[in-house]
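For reference, the structure discussed in these notes is given below.
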Amino acid sequence: MVLTAPSDAPPRRPAPASPAKRLRNAVEEVFGARELTGNLVRRDLKVREAIRHQTPLLTRYPNTEAAQDVEAIAKRLVAETS
């Protein structure tokens with residue numbers, strides 16, 4: 001048995017983009033198309049805490065490994081666009 005959708009069925013909407021894809025699209029829009037490989041932020045529970053308190057990670061926990069990674073990525077992006 002083969003089931004098909006009726007011809008008058010509304011078209012399916014595409015699945016929403018993953019958070020990683022949305023972030024990549026936002027960075028590409030701001031900085032132009034570029035490969036982001038190697039720009040990793042280490043897992044850190046302080047990231048979740050900063051988000052929960054709606055405070056930037058670099059303000060709330062500037063000495064964490066994740067904050068250092070974010071700073072390094074930002075410096076690299078600024079250097080590439082200068």
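The values are calculated or read from the model by the stated rules, or taken from the named source; none is laboratory data. What you see is a predicted model; the values in this text were computed from it and never measured. In this analysis, Cβ positions are derived from the backbone assuming ideal geometry, glycine residues included, and neighbour counts consider all displayed protein chains.
State whether the residues of the range 52-67 include one that is surrounded by 11 or more Cβ atoms within 10 Å (Cβ to Cβ), modelled with pLDDT under 80 and in a loop (DSSP other than H, G, I, E, B). No, the range 52-67 contains no residue that is surrounded by 11 or more Cβ atoms within 10 Å (Cβ to Cβ), modelled with pLDDT under 80 and in a loop (DSSP other than H, G, I, E, B).
Please find, within the range 2-23, the residue that is modelled with the highest pLDDT out of those that are of a type in the set (A, V, I, L, M, F, W, C) and farther than 30 Å from V41 by Cα. Only one residue fits best here, namely A9.
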